[in-house]
Ligand SMILES: [Fe+2]
């Protein structure tokens, strides 16, 4: 089978055809996929009915297996997950079974973010596979942070020179407070690691804007008001339809995204409908 890479009609994103990812991926095909991810930032595979173990194996075509958010936060394995779900797999779902959530993030909007920016070593890539999807809504969109960096006005570029963001661990991407953390009433004290606002991708030397997520983010060294103003200006510049690729899920789709150079967003969906996706991540390095 020959791999075909079909670029999406957007600034980022490509569909990969001609590859059965339920099977082990040959070394030369793994190299092709990694190069495609570097170029297109988001890869879509359609019609792939993967078991969790097959998804875990497939993710490793892009690097070492990564930890999910709960593990990176030191929270351990969630007790609502069935025994068939290994600790390296995150269940993203609004489904309730026997009075318990089977997964996380419910049915609401997930604001623009990169995965696990609140850890010292955020994942370099994420894979997300659709098991059950609603008839509409729940679309996942991706934003090209290289383009956001390249288009940064000089005035804004000079203001962020040498600065970092502290990435709060308190809230998840829906804005809900994690039970293990106290409310962040003083954002200068919110727990979380500090990463440079402009990070450099080691393999290419390319610089990219790394914002993580907006809620309770803080630029250490600045008064809170100045930090808020600068972050608001960066986010207003960054969120722009021209640098977005949006994906409407079909059953058995799998998406892989570069988690260092993109942000993503989920739209809300009908709470009466069922949605279940499995996420497996690829280990990353400390942002530099
Ligand atoms: Fe996410």
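Please give the number of the condition residue 236 fails out of (1) in contact with a strand residue (DSSP E or B) (Cβ under 9 Å, 6 or more places away or on another chain); (2) in a helix (DSSP H, G or I).
Among (1) in contact with a strand residue (DSSP E or B) (Cβ under 9 Å, 6 or more places away or on another chain); (2) in a helix (DSSP H, G or I), residue 236 violates only (1).
Among the residues of region 242-285, how many are within 15 Å of the ligand (Cβ to nearest atom) and part of a loop (DSSP other than H, G, I, E, B)?
The qualifying residues number 8.
On the given criteria, is residue 92 in a strand (DSSP E or B) and more than 17 Å from the chain's Cα centre (by Cα)? Show your work before the answer.
Working: in a strand (DSSP E or B): yes; more than 17 Å from the chain's Cα centre (by Cα): no.
Against the criterion (in a strand (DSSP E or B) and more than 17 Å from the chain's Cα centre (by Cα)), residue 92 does not qualify.
Any residue in region 72-79 that is farther than 23 Å from residue 25 by Cα, part of a helix (DSSP H, G or I) and at pLDDT below 95? Show your work before the answer.
Step one: of region 72-79, the residues farther than 23 Å from residue 25 by Cα are 72-79.
Then keep just the ones that are part of a helix (DSSP H, G or I); that gives 72.
Filter once more, so that each one left must be at pLDDT below 95: 72.
Scanning region 72-79 turns up at least one residue that is farther than 23 Å from residue 25 by Cα, part of a helix (DSSP H, G or I) and at pLDDT below 95.
Return yes or no: is residue 126 within 14 Å of the ligand (Cβ to nearest atom), out of contact with any strand residue (DSSP E or B) (no Cβ under 7 Å at 6 or more places or on another chain) and within 29 Å of residue 269 (Cβ to Cβ)?
no
Go over the candidates 76, 99, 106, 137 one by one and state the one that is over 19 Å from residue 214 (Cα atoms) and within 15 Å of the ligand (Cβ to nearest atom).
None of the others qualify; the one that does is 106.
How many of the residues in region 184-208 are over 21 Å from residue 170 (Cβ atoms) and free of Cβ contacts under 8 Å to residues at least 12 places away in the same chain?
Residues meeting the conditions: 1.
The values are calculated or read from the model by the stated rules, or taken from the named source; none is laboratory data. Treat the numbers as computed from the prediction; the structure is a model and nothing was measured. Note that each Cβ is placed from the backbone with ideal geometry, even for glycine, and that neighbours are counted across all protein chains shown.
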